[in-house]
Each structure stands twice: as structure tokens, then as C-alpha cells.
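The structure appears right after this line, and notes come after that.
Derivation of every value follows stated rules applied to the coordinates shown; laboratory data play no part. Note that the structure is a prediction, hence the values are computed from the model and not measured. All Cβ positions, glycine included, derive from the backbone under ideal geometry; neighbour counts span all protein chains shown.
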Amino acid sequence: MACEKDHVKTDNVIAMLPTSQGGVARHKCAACAYEKGLENGKNRNVTFDINGFISVLEESQKGVRRHKDPLEAYSIGFFHGLNGRNNHIVINEKHNLSNNMAHFGLAQVGKGLYECTFSEDTIFKHAMSTVHVASGFELILKARIAQEHPYLIFEKLPKNSKVKDGIVKMDDLLEHGHTITYAELPERLWVTTGIKLPSLELYETFGKIRNQIIHFSTPNVDFSRLVYDFCFKVIEPLVNDWWDDTLIEYAWDHDSELPTYLFERLESLGLTSNYAYKDYQLVKLNT
């Protein structure tokens, strides 16, 4: 049955959602899903059978609703509904949460960048730098999404029956929640902030190589080149824009001579930075 409801206001949100043409969600009304999520978010209904709801949802391919993902629409509606009920400790401390995630992620990326700047003096050092950078950037992306709302980085949230005093705390999220995966982060970042990664292809390639390293074996690739490309083509532009910061500072923490070698490496690889190293200081260039 086709949906005939008036979704004029809701369609403004639906227009920004990703597409979906598979499974039980195919051709279902994303606007209806968003509005149900909004209702459940306001009422803090976390036991709702979303899959059952989607399976019997009316169909709609009108205008901006064409091929839009109702599951994503429900999720966004749910979190929008929660915005008016910021009683949980996790939500009240969202800035501390996102800042902590961002700085730890930046420290991990800095460690990886440092490791691949110098010669590989220990076995697998450059391969491990790939793991550090991927894990660090995953945290950085989650930190930026959590600035909008901390629950947006989760695909599974604690149920009311699992929360002892009715107030969601970090321990509840760690024990009963489940965050979204590396592969899902670009889509969630875009749908919640409107921000797209500078190179999705490089992001996906980097993730596949990281997975190969930690699950199988180290591939025969130039890890140093790979890490530098990923850091300065994907991560650094976002860090510059979001927090007026640079990965170089975090790599510099590991070696006082690092900037000299790092900028030499950037030049040899044909990569650029919004910073320069002058008189033993990092100087932001006018861009």
C-alpha cells in the first residue's frame, strides 16, 4: 500500500539521507520511519521492534523519498527525538566524551605517522603504523559525530531493562552498547553532519589493508607511502577544518627532530600541508 500522508516538513530531513534498494527496507516510506523514530526518541522507547515495523511500513517513492533508507531515517529521527531529553550523564558530558576521543585518536595517528617517517628499524614497524593510523582515525570520526549526539556512534543502545537507575552512563554503553564499524562511519558522518571524506576510495583501501594486517598477514605494499597519503589527503584536511589542529604536532611529540624529516618526506611524495616548519616552530600558512 502506498503512503498518502503529508510529510512536507519531514521531507526536508529525508532529502539528506543515503539511498537503499535492498532487503525489507526496499521502497518503504522513509518519512514514516523518521517520524516513528522521532516519537520513540521523545518517549525513550528503546525496545521497539524496528525490523518488524519496517517490514509492514507503507511504500513511498515520491520525490525526495525515492530510494531513501528507512532504517537510517528511523535512527536519525530517534536521536532527534532524544535531543529534548538530555537527562542522561553520557549526553550531558558529550563534549568531554568527544574531546577525549578526538585527542586519543589524534595521538594514535601521530604515533603511526612518526613510526613511518623513519626507517623501519624493527620488523613490522611500518605495518603497525597503518594499524595505529586506522584505529586513530576511526576514533576521530566518532568524536566528530559524537559532537552532534553521543548516541549517533552506536548501532545498538542499552535497553531500559539493562540500565539500573534509569540514567545511561558510560559503563552502560560499554557493556550493552555496540558502536558502528569503520566501514559505516563515512555514511554516518555525512548523514549527521553533511561532511564527506576527501577520498572515500582511499579510506576504504586503507581499511582493507588494516584488516588484512590484523586478521591475516602483512601485504607487500609501501606502508610509509600509504600512511602519508592517507594522513595528508584524508585526515589532515579534516583535522585542520574541524579543530584548527594538525597531525604533525602529535607526531612531533615522539621525536624532537621529526618535523625536518617529515617535511622532507612530504616534498619527496608530492604532498602538501597547511603548515611549514620555520625556526623550530610550526607555522600555519595563509590558505
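So what are the ³J(HN,Hα) numbers for the stretch 222-233, from phi and the Karplus equation (6.51, -1.76, 1.60; θ = phi - 60°), rounded to whole Hz, Gly and Pro as x?
7, 4, 4, 5, 4, 5, 5, 4, 5, 5, 9, 9
If r is the Cβ-Cβ distance from HIS103 to MET1 and R0 is 41 Å, what FRET efficiency results, to the nearest 0.05? Write out the running numbers ahead of the final one.
On the way: r = 51 Å, r/R0 = 1.24.
According to the calculation, E is roughly 0.20.
I need CYS116, CYS3 ordered by Cβ neighbour count within 10 Å, fewest first.
CYS3, CYS116
Neighbouring Cβ atoms within 10 Å as the yardstick, rank VAL234, VAL8 fewest first.
Ascending Cβ contact count within 10 Å gives the list VAL8, VAL234.
Measure up LYS208/LYS284; LYS9/LYS68; LYS5/LYS28; LYS125/LYS208; LYS42/LYS196; LYS68/LYS208 against 23 Å on the Cα-Cα distance and list the ones that go over. Please report the intermediate quantities before stating the final value.
Details: LYS208/LYS284 33 Å; LYS9/LYS68 16 Å; LYS5/LYS28 13 Å; LYS125/LYS208 18 Å; LYS42/LYS196 29 Å; LYS68/LYS208 27 Å.
With Cα atoms farther than 23 Å apart: LYS208/LYS284; LYS42/LYS196; LYS68/LYS208.
Could you give me the ³J(HN,Hα) list for the stretch 208-216, computed from phi with Karplus coefficients 6.51, -1.76, 1.60 and θ = phi - 60°, whole Hz, x at Gly and Pro?
Working through the residues one at a time gives 5, 5, 4, 5, 4, 5, 7, 10, 10 Hz.
Sorting VAL227, VAL221, VAL56 on the 10 Å Cβ count, fewest up front, what's the list? Can you show the working numbers first?
Details: VAL227 25, VAL221 14, VAL56 9.
Going from sparsest to densest Cβ surroundings: VAL56, VAL221, VAL227.
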